[in-house]
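Below: the structure, in structure tokens.
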Amino acid sequence: MTVSTVATQPFEDQEPGTSGLRKKTRAFMQPNYLENFVQAIFNATGGGAGKTFVIGGDGRYFNAEAIQKIIKIAAANGAARVIVGKDGILSTPAASHLIRKNKTDGGFILSASHNPGGIDEDFGVKFNASNGGPAPEGLTSRMFDATKVIESYAIAEFEDVDLGHVGTAGRGDLVIETVDPVKDYLALMEQLFDFDAIHALFAGGFTMCFDAMHAVTGPYAHAILEGRLGAPKGTVINGVPRVDFGRGHPDPNPIWAKPLVDLMMSDSAPDLGAASDGDGDRNMIVGRGAYVTPSDSLAVLAANAHLAPAYSGGLTGIARSMPTSGASDRVADRLGIGAYETPTGWKFFGNLLDAGKVTICGEESAGTGSSHVREKDGLWAVLLWLNILAKRDSSVAEILKEHWRAYGRDYYSRHDFEAVEPDRASALVDELTRSLADLPGREFAGLRVRAADQFSYRDPVDGSVSSNQGIRIFFEGGGRAVFRLSGTGTQGATLRVYLEQFEPADGDHEQDTQEALKAIRNAAHEVCSLEAHLGRTEPDVRT
Ligand code: G16
């Protein structure tokens, strides 16, 4: 095996964001761009000698080429073995599972998640550590540091590896194991859930529509829902992964999965609607006539998890990202278990899960998961809902309403202002940050500020501190507005404004969400002079 050492120069923009390095696909296709980043990961993690890595991605444009390059760089860095999904396909949670199951040294996950795919769209690379979870902040900063001083990368010269068949191949000292992307993941799900009960549910006429959005969960959903659990053929729609996700935006929310939401609000709605994103870690749950917000889904899943075999012994704790609503905190409180509030980014849940402090985690950005892997897991959430529905003689809408009657309801919505000029977005955030100390007691659009701060997190396991993780404004009367800049966009800045209004258990739970949030929205706009800074008042996306 011939190994070349290729001289290169640093790219200045290789700082990983909320979830790995995400850029336009063409940026990754430039000479040396991907190679530099992958070599920097080896340099930041003590090299590749003798190590084993999982490699796979969501099948988007450039996935196949990037995987071949990573295999060659791994070989040149002395890796002993790589485990690759057949055709280069692995959902993010399935990759996390393979890293853990095979006790590997980590994995390369190729995805820009819910961002569109294609030569003019987005691509991404994420490194997960040996616990199966996204590299924590300490490691991502070492990776970024390594990208700044890189002078060369090593790459082996051999023909592309055929990844179209399950089996083992060798190149020099490197063993390349091509695996069925679904098999081990399905086996894990069988251990967690009562598949017999779910099978009986479908056999009894329960209907469902799962929208794979032309993305990675197609093969998983076909095998699990229609294959193993006996759901009728046609339950899974858009189930063949495409490099451009059928020119869609594979983000399971009411905007991008609108056809499914429309179906669920119509007279011909099945009992359950669900969708997952580009790489299979996000999920959306919709009952007949009832959209479930991700924050509510986390709370309902936590409150009912004991109905699934894996969680019948109870949960140790629940974690949510700071912008996620407080609904799950009240469940934790009632269960008498810990509730944790972390910064946005699944990587912040890793230590809590590893230390056994929490069993279930979730985020407003459509992510829910548990200690079974170290990523959020779209199909896991769908299967837990199915398990709960199979054990309770109630519809999604009834379960949701009952939950609100027991715990109160958090009206919740995220408003995204996309492709904002970065200077304008920073000016808004900087000005708001400077004003924080003066806000308590002041009134905005008729609402009085109770407290305001910049969220800072001290990891209770390793003591690391992450500052400037978003601005929180708490209003009297149970409302909250949060402001933060997205760390996953690839074009300009995205300002996220998260709105929440708590309505107690005996309150009115039947209001329209945007109506219920109007006062908070107006106060949020006024407190940061949103229109003056951005020159507009309407968001691009409301989740
Ligand atoms: C990633 C992270 C999530 C985060 C989301 C949005 O999800 O894993 O933890 O909530 O991005 O982040 P931001 O608000 O910074 O854009 P995914 O599904 O894109 O990997």
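Observations on the model:
- Counting only protein heavy atoms and using a 1.4 Å probe, the accessible area of residue 166 comes to about 90 Å².
- Surface calculation, 1.4 Å probe, protein heavy atoms: residue 148 sits at approximately 100 Å² accessible.
- For segment 184-291, the gyration tensor built on C-alpha atoms gives an oblate shape. Its axis ratio a/c (a ≥ b ≥ c) is at least 1.5, and a/b is not larger than b/c.
- Largest first, the extents of the alpha carbon coordinates of segment 185-407 on the three principal axes equal 42, 37, 32 Å.
- Rg/Rh (Cα only; Kirkwood hydrodynamic radius) as it applies to segment 456-511: 1.11
- Within the chain, antiparallel bridges make up roughly 70 percent of the DSSP beta bridges whose residues both belong there.
- Averaging 1/r over every pair of different alpha carbons in segment 59-173 and inverting the result gives a Kirkwood radius of 15.3 Å.
- Percent of beta bridges antiparallel (DSSP, segment 2-180, rounded to nearest 5): 60
- The helix-based estimate of mean residue ellipticity at 222 nm for the chain, built from -39,500 (n - 2.57) per DSSP H run of four or more residues and divided by its residue count, is -9000 deg cm²/dmol to the nearest 500.
- Distance between segment 151-166 and segment 448-507 - C-alpha centres, whole angstrom: 44
- Karplus-based coupling profile of segment 183-193, in residue order and whole Hz: 3, 5, 5, 4, 4, 5, 4, 4, 6, 7, 10, with θ = phi - 60° in 6.51 cos²θ - 1.76 cosθ + 1.60 and x standing for Gly or Pro.
- From largest to smallest, the equivalent ellipsoid semi-axes obtained for the chain from the alpha-carbon gyration tensor read 36, 29, 20 Å.
- Checked against a 18 Å cut-off, the cross-linked pairs 51/357; 258/347; 347/376; 258/391; 376/401 give Cα-Cα distances beyond that limit for 51/357; 258/347; 258/391; 376/401.
- Percent of Cα-Cα distances greater than 18 Å, calculated over segment 409-542: 56
- Inter-part distance where segment 1-57 and segment 513-543 are each reduced to a Cα centre, Å: 39
The values are calculated or read from the model by the stated rules, or taken from the named source; none is laboratory data. Since the model is a prediction, treat every value here as computed from it, not as a measurement. What goes into the accessible areas is simple: the full protein's heavy atoms, side chains included, and nothing from ligands, DNA or RNA. Shrake-Rupley method; radii C 1.70, N 1.55, O 1.52, S 1.80 Å.
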